[in-house]
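Peer 1: A single structure is presented below for examination.
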Amino acid sequence: MAAITQISNQAAGVLTVDLNAIKANWQILANRSDRATTGAVVKANAYGLGVEKVAPTLWNAGARRFYVAQVEEGLDLRQILPSADIVVLSPLLPEGLEAAVAADLVVSLNNEQALGYWTEASNAPRAAVQIDTGMTRLGFEDTIIKKLWNELDSVKLGKIEEVLSHLACADDAAHPMNHEQLIRFERSTKDISPGVRRSLANSSGVFLGGAFLQNSTRPGMALYGLNPIPGSANPMHPVVSLDVRILQIRQLSKDENVGYGATARAKAGTVIATIAAGYADGLQRSLSNLGHVFICDEPASIIGRVSMDLIAVDVSHLPEKLLNSALYAQIIGSQQSADDLADAAGTIGYEILTSIGHRYARHYKVDL
């Protein structure tokens, strides 16, 4: 295991975020996007990694258009990136109109209510129109886009700068829904001015290539090192490592139950390490009696239930000399990626990253 940055005596662990890797990942995606411009999704605090550090890194890499989920996120991002184009993906609400105008945010029109608030506003902000091409989430039905366009006056039309949709199955390149959505998107936008930005591809969509790229892409998860092409080698650079303190190591003198619910039992002589990580830190409870961490690059299985703040791991197989020198266990890193941990937990890497709590010290690696 690589050397761990010195952290506060009070911190339970350290989350290391490699900003150089994020920059390199954006460049990989931009290079694959051909003539399309490449944006960056930084919603949910840049997938939990810290938007105040991540967003300037992406700006320096070349990103100029950023996507967030909520107006509040857009307002925070405007303080960080005064000159960026910032698109809010959630539907426009009347309470957010004034703030969106003041901060020059691009608002999303993805239902009749949002469209109504926007058309009635005397000083309407720039806007993006979302089209539902089959995901059945947010967005206007693709069959009514032409009618919607025809009903808007020229002033309002001039404020619409993007049409977008979202791919449901892009992480499975062979899924027929990908091309079904592409056909629906192109059919519904064919009469829209070519000057309006068209965005369909998320991270996995970028790797579908061709017409999926349209003229604008908006990758998210791949920026943060998650694999956009599951089942194949990850083309992205790893971004995150998470190392947590070993709080206690003891050898059992007799058979004992371990953890809440007594779901595990350890025999006399078993060596148990107690680690400062739990479900409050994003270590899913589904990893109980299932997942593992790494101590000095050696795997150690979780024994018993994951609790809010702690896990127990079986380190009986590790040499005493090694254990005596070990201060940390690695949950995410060179031996186990966020995607690996997600697979073990029965979830996805997105959930792992966005669930990491705020109790760990954060260290950002960046070129000097």
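Peer 1: Report, by residue number, each residue of the range 207-222 that is part of a loop (DSSP other than H, G, I, E, B) and closer than 19 Å to Val42 by Cα.
Peer 2: Across the range 207-222, the qualifying residues are Arg218, Pro219, Gly220.
Peer 1: Would it be correct to say that Ser204 is buried (at least 18 other Cβ atoms within 10 Å of the Cβ), under 16 Å from the mean Cα position of the chain (by Cα) and not in a strand (DSSP E or B)?
Peer 2: Values: buried (at least 18 other Cβ atoms within 10 Å of the Cβ): yes; under 16 Å from the mean Cα position of the chain (by Cα): yes; not in a strand (DSSP E or B): yes.
For Ser204, the condition - buried (at least 18 other Cβ atoms within 10 Å of the Cβ), under 16 Å from the mean Cα position of the chain (by Cα) and not in a strand (DSSP E or B) - is met.
Yes/no matrix, rows are residues, columns are (1) in a strand (DSSP E or B); (2) without any contact (Cβ under 8 Å) to a residue 60 or more places away in the chain; (3) crowded, with 18+ Cβ neighbours inside 10 Å:
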site: Gly231; (1), (2), (3): no, yes, no
site: Val244; (1), (2), (3): yes, no, yes
site: Gly261; (1), (2), (3): no, yes, no
site: Arg265; (1), (2), (3): yes, yes, no
site: Ala268; (1), (2), (3): no, yes, no
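Peer 1: Right, something else. Among the small types (Gly, Ala, Ser), touching a residue at least 40 places away in the same chain (Cβ under 8 Å) and not in a strand (DSSP E or B): is that true of Ala44 in this structure? Spell out how you get there, then give the answer.
Peer 2: On the way: among the small types (Gly, Ala, Ser): yes; touching a residue at least 40 places away in the same chain (Cβ under 8 Å): yes; not in a strand (DSSP E or B): yes.
It is true that Ala44 is among the small types (Gly, Ala, Ser), touching a residue at least 40 places away in the same chain (Cβ under 8 Å) and not in a strand (DSSP E or B).
Peer 1: So, restricting to helices (runs of 4 or more DSSP H) that lie completely within the range 293-368, which ones have at least 1 residues that are under 27 Å from Asn257 (Cβ atoms) and at pLDDT 95 or above?
Peer 2: Working: elements: 320-325, 338-345, 349-355.
Passing ranges, in order: 338-345.
Peer 1: Here's something else I'd like to know. If I filter the range 51-62 for residues that are buried (at least 17 other Cβ atoms within 10 Å of the Cβ), more than 16 Å from Val163 (Cα to Cα), of a type in the set (Ser, Thr, Tyr) and modelled with pLDDT of 95 or more, do I get at least one hit?
Peer 2: Yes - at least one qualifying residue is present in the range 51-62.
Peer 1: If you scan the range 293-309, which residues turn out to be buried (at least 20 other Cβ atoms within 10 Å of the Cβ), closer than 22 Å to Gly357 by Cα and either under 25 Å from the mean Cα position of the chain (by Cα) or of a type outside the set (Val, Ile, Thr) (or both)?
Peer 2: Across the range 293-309, the qualifying residues are Val293, Phe294, Gly304, Arg305, Val306.
Peer 1: If you check every pair at least six apart or on different chains, which have Cβ atoms under 7 Å apart with a residue in the range 273-287 that is touching a residue at least 40 places away in the same chain (Cβ under 8 Å) and over 12 Å from Tyr360 (Cβ atoms) first and a residue that is of a type in the set (Gly, Ala, Ser) and part of a helix (DSSP H, G or I) second?
Peer 2: Gln284/Ala345; Ser286/Ala345; Leu287/Ala344; Leu287/Ala345
Peer 1: Can you tell which of Leu226, Leu167, Leu213 is closer than 30 Å to Leu242 by Cβ and in contact (Cβ under 8 Å) with a residue 60 or more places away in the chain?
Peer 2: On the way: Leu167 fails: in contact (Cβ under 8 Å) with a residue 60 or more places away in the chain; Leu213 fails: closer than 30 Å to Leu242 by Cβ.
Criteria check complete, one pass: Leu226.
Peer 1: Still on this model: Kindly indicate the residue of the range 19-41 that is touching a helix residue (DSSP H, G or I) at 6+ places or on another chain (Cβ under 7 Å) and part of a loop (DSSP other than H, G, I, E, B) and also surrounded by the fewest Cβ atoms within 10 Å (Cβ to Cβ) among those meeting that condition.
Peer 2: Step one: filter the range 19-41 for residues touching a helix residue (DSSP H, G or I) at 6+ places or on another chain (Cβ under 7 Å), giving 19, 22-23, 25-27, 29, 32-34, 36, 38, 40.
Those left that are additionally part of a loop (DSSP other than H, G, I, E, B): 33-34, 36.
Details: Ser33: 20, Asp34: 13, Ala36: 20.
The extreme case among them is Asp34.
Peer 1: Something else about it: Output the number of the condition that Phe185 fails; it satisfies all remaining conditions of (1) closer than 30 Å to Lys146 by Cα; (2) out of contact with any helix residue (DSSP H, G or I) (no Cβ under 9 Å at 6 or more places or on another chain).
Peer 2: The single condition Phe185 does not satisfy is (2).
Peer 1: Kindly evaluate Asn257 against the criterion of being in contact with a Phe, Trp or Tyr (Cβ under 8 Å, 6 or more places away or on another chain) and not in a loop (DSSP other than H, G, I, E, B).
Peer 2: Details: in contact with a Phe, Trp or Tyr (Cβ under 8 Å, 6 or more places away or on another chain): no; not in a loop (DSSP other than H, G, I, E, B): yes.
Here the answer is no, as Asn257 does not meet what is asked.
Peer 1: Can you tell which of Leu318, Leu322, Leu290 is in contact with a Cys (Cβ under 7 Å, 6 or more places away or on another chain), farther than 25 Å from Asn45 by Cα and surrounded by fewer than 21 Cβ atoms within 10 Å (Cβ to Cβ)?
Peer 2: On the way: Leu318 fails: in contact with a Cys (Cβ under 7 Å, 6 or more places away or on another chain); Leu290 fails: in contact with a Cys (Cβ under 7 Å, 6 or more places away or on another chain).
Among Leu318, Leu322, Leu290, only Leu322 is in contact with a Cys (Cβ under 7 Å, 6 or more places away or on another chain), farther than 25 Å from Asn45 by Cα and surrounded by fewer than 21 Cβ atoms within 10 Å (Cβ to Cβ).
The values are calculated or read from the model by the stated rules, or taken from the named source; none is laboratory data. Bear in mind that the values here come from a model prediction, so they are computed numbers and not experimental data. When we count neighbours, we look across all protein chains shown, and the Cβ atoms used for this are built from the backbone with ideal geometry, even at glycine.
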